[in-house]
Amino acid sequence: MSDRIETDVVIVGAGPVGLFAVFELGLLDIRAHLIDILPKVGGQCAELYPEKPIYDIPGFPMVTGQGLVDNLMAQIEPFHPTFHLSEMVETLESLGTAEAPLFRLRTDAGTEFVTKAIIIAAGGGSFQPKKPPIPGIEGFEGSSVFYAVRQMEPFRHKRILIVGGGDSALDWTVNLAPLAKRLTLLHRRDAFRAAPDTVNKMRALVAAGAMDFHLGQVVKLEGKAPVLEGAVVRRDDGSTFTIACDVLLPFFGLTMKLGPLADWGLNLHENLVPVDTEKFETSVPGIFAIGDINSYPGKLKLILSGFHEGALAAQRVFHYVYPDKRLVFQYTTSSTSLQKKLGVHA
Ligand SMILES: Cc1cc2nc3c(=O)[nH]c(=O)nc-3n(C[C@H](O)[C@H](O)[C@H](O)COP(=O)(O)OP(=O)(O)OC[C@H]3O[C@@H](n4cnc5c(N)ncnc54)[C@H](O)[C@@H]3O)c2cc1C
């Protein structure tokens with residue numbers, strides 16, 4: 001049976017940028033529902049690096065991925081957003097006009113929304129790890145093979161093999177080396193895509209004898225699934241050797257699957273949604289794209305950029321939701337009406 005919900009805005013994606021958009025919309029009296037494929041909120045911050053420190057959120061010298069999500073949830077609490085988790089948006093139908101947009105949106109769980117605007121904050125789409133082509137690796141997944149680190153503690157005193165040369169591989173190498181029984185980094189070549197500073201930290205650990213670094217590719221896993229005992233590695237010259245390990249962490253990047261969003265008739269460019277930089281609106285009036293999913297000249301895939309984009313998109317959404325009202329710019333520090341909405345002013 002389908003649930004039918006009428007709302008001002010549907011936000012697709014409950015990552016940090018979708019969450020902060022709720023705040024900016026809420027200040028303008030705009031109600032929002034959020035949909036996310038994942039069973040929890042927080043997007044990449046909660047899913048890929050909950051315990052890692054982030055250093056470039058304005059006003060927070062340091063906050064972990066999960067810490068930021070928790071703070072965002074506290075910040076939007078006064079606006080009572082409704083979450084539809086473990087649901088994926090599927091079909092979109094336009095019921096309105098360019099001047100007065102109205103959409104019908106359905107999820108794979110049968111929830112139906114009729115909404116005046118849609119904000120796509122879907123990040124990299126439904127992100128899925130690229131898996132290495134190692135025979136039988138599925139049998140070890142979730143027990144000895146992991147494509148993301150949600151918590152570091154389960155890896156304490158383990159023999160860890162990390163494979164890859166990007167930011168995730170090098171970041172986790174540096175973070176996990178101190179608590180591993182022994183950590184080995186394996187990469188195809190002695191050149192890295194990761195930030196040079198992290199690469200230098202890794203090389204210092206190797207020089208200090210605190211971890212190992214080898215060149216090659218994993219071709220076979222040893223052990224009886226799901227218990228891993230080692231990985232057979234092939235060098236460039238075809239020779240092989242075995243690295244004893246309890247845990248394998250392959251970090252080969254993520255594939256971006258836009259899924260049904262790709263069929264919504266929006267202009268797309270390399271799986272991203274082009275927007276203007278005044279309103280962050282897409283080629284379809286009433287549909288906005290903010291955060292990692294959008295593209296425009298000079299785009300930086302940073303959380304702080306997504307926050308700014310959400311604030312500007314909300315201003316335009318206001319005109320669709322309240323076509324007859326004038327939008328007055330106000331500061332939260334000095335506006336008692338904004339403070340009332342936030343529950344901080346009697
Ligand atoms: C290891 C790592 C470290 C990082 N460090 C930093 C840093 O220090 N500073 C910084 O600013 N940025 C950092 N980033 C980047 C930052 O995490 C992203 O810029 C940010 O998460 C983007 O937020 P978002 O809300 O746009 O998208 P996401 O966080 O990707 O969230 C998008 C959400 O949309 C959902 N979704 C996607 N498609 C659908 C669909 N069809 N239906 C329903 N839901 C859908 C996804 O499940 C996801 O929850 C880092 C990223 C990684 C991987």
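The values are calculated or read from the model by the stated rules, or taken from the named source; none is laboratory data. Only a predicted model underlies this, so the values are computations on that prediction, with no experimental measurement involved. Cβ atoms come from the backbone with ideal geometry, glycine included; neighbour counts cover every protein chain shown. All accessible areas refer to the heavy atoms of the entire protein, side chains included, with ligands and DNA or RNA removed. Shrake-Rupley method; radii C 1.70, N 1.55, O 1.52, S 1.80 Å.
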Residue 173 being of a type in the set (Val, Ile, Thr) and either within 11 Å of residue 250 (Cα to Cα) or within 26 Å of the chain's Cα centre (by Cα) (or both): yes
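Yes/no per residue for (1) on the phi > 0 side of the Ramachandran plot; (2) hydroxyl-bearing (Ser, Thr, Tyr):
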| residue | (1), (2) |
| --- | --- |
| 291 | yes, no |
| 298 | yes, no |
| 302 | no, no |
| 308 | no, no |
| 317 | no, no |
| 327 | no, no |
| 333 | no, yes |
Looking only at region 253-269, decide whether some residue is more than 16 Å from the ligand (Cβ to nearest atom) and within 25 Å of residue 72 (Cβ to Cβ). no
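Taking the residues in region 108-127 that are within 10 Å of the ligand (Cβ to nearest atom) and part of a strand (DSSP E or B) as candidates, determine which candidate is least open to solvent (accessible area, probe 1.4 Å).
120
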For region 298-339, which residues satisfy the criterion of being within 16 Å of the ligand (Cβ to nearest atom), more than 24 Å from residue 284 (Cα to Cα) and among the hydroxyl-bearing types (Ser, Thr, Tyr)? none
All positions within region 4-18 that are more than 6 Å from the ligand (Cβ to nearest atom) and either open to solvent by 10 Å² or more (accessible area, probe 1.4 Å) or of a type outside the set (A, V, I, L, M) (or both): 4, 5, 6, 7, 8
Run down 38, 95, 85 and say which single residue is more than 12 Å from the ligand (Cβ to nearest atom) and over 27 Å from residue 332 (Cβ atoms). 95
